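The next block holds one structure in the form of structure tokens; read it before the comments.
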Amino acid sequence: MTEIRDQTAEIRVVRDGDRGWADLVNPPGTAGTGGAEAETFTSPDGTFQTGFWRREPDTWSFERPYDEVALILAGEAEIETDGRVLTVRAGDLLVTPKGSAGTWRITETIIKFFAIYDRS
């Protein structure tokens with residue numbers, strides 16, 4: 001009899017060269033720059049997801065349909081929200097709760113590690 005293992009219970013390491021970047025399809029923005037994403041984990045019920053995200057300089061508006069916490073690994077961006085301009089750069093932790101809205105202005109290609117909780 002073959003044993004079936006739950007792949008979500010398997011411990012693994014995702015190394016820099018193993019991220020498996022996939023180009024973003026129709027990324028938002030006024031400059032038409034590109035970006036990529038690499039999914040690293042999704043819970044069996046789909047409510048929790050982690051991964052890496054990379055975007056070249058561009059500007060676009062957003063409204064967050066889920067809760068996200070992101071560690072900025074490289075680059076720099078400004079997020080304008082509620083009349084404030086928040087600057088994020090490598091080493092910063094960015095928290096964008098569900099329902100938050102604003103404008104992203106990426107000034108230097110940014111890479112972040114994200115954790116998303118979608119309780120919708």
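Glu108 fulfils the conditions (1) open to solvent by 60 Å² or more (accessible area, probe 1.4 Å); (2) more than 14 Å from the chain's Cα centre (by Cα); (3) modelled with pLDDT under 95 except for a single criterion, (3). Only one entry of Gly51, Gly35, Gly75 meets the criterion of being in contact (Cβ under 8 Å) with a residue 40 or more places away in the chain, open to solvent by less than 50 Å² (accessible area, probe 1.4 Å) and not basic (Lys, Arg), and that entry is Gly51.
If you go through region 49-85 and keep only what is under 12 Å from the mean Cα position of the chain (by Cα) and farther than 21 Å from Ile11 by Cβ, you end up with Trp53, Arg54, Arg55, Arg64, Tyr66, Asp67, Glu68, Val69, Ala70, Ile72, Leu73. Evaluating Gly29 against the criteria (1) crowded, with 16+ Cβ neighbours inside 10 Å; (2) in a strand (DSSP E or B) leaves one unmet condition, (2).
Determine whether Val88 is surrounded by 15 or more Cβ atoms within 10 Å (Cβ to Cβ), in contact with a Ser or Thr (Cβ under 6 Å, 6 or more places away or on another chain) and β-branched (Val, Ile, Thr). No: the conditions fail for Val88. Among the residues of region 111-120, just one is within 14 Å of the chain's Cα centre (by Cα) and either outside any strand (DSSP E or B) or closer than 13 Å to Glu78 by Cα (or both), namely Asp118. Gly46 meets all of the listed conditions (1) open to solvent by less than 50 Å² (accessible area, probe 1.4 Å); (2) under 25 Å from Val14 (Cβ atoms); (3) assigned to a strand (DSSP E or B); (4) out of contact with any Ser or Thr (no Cβ under 6 Å at 6 or more places or on another chain) but one, namely (3).
The values are calculated or read from the model by the stated rules, or taken from the named source; none is laboratory data. All values reported here derive from a predicted model rather than from experimental measurement. Cβ atoms come from the backbone with ideal geometry, glycine included; neighbour counts cover every protein chain shown. Protein only, heavy atoms only, side chains kept; ligands, DNA and RNA dropped before computing areas. Shrake-Rupley method; radii C 1.70, N 1.55, O 1.52, S 1.80 Å.
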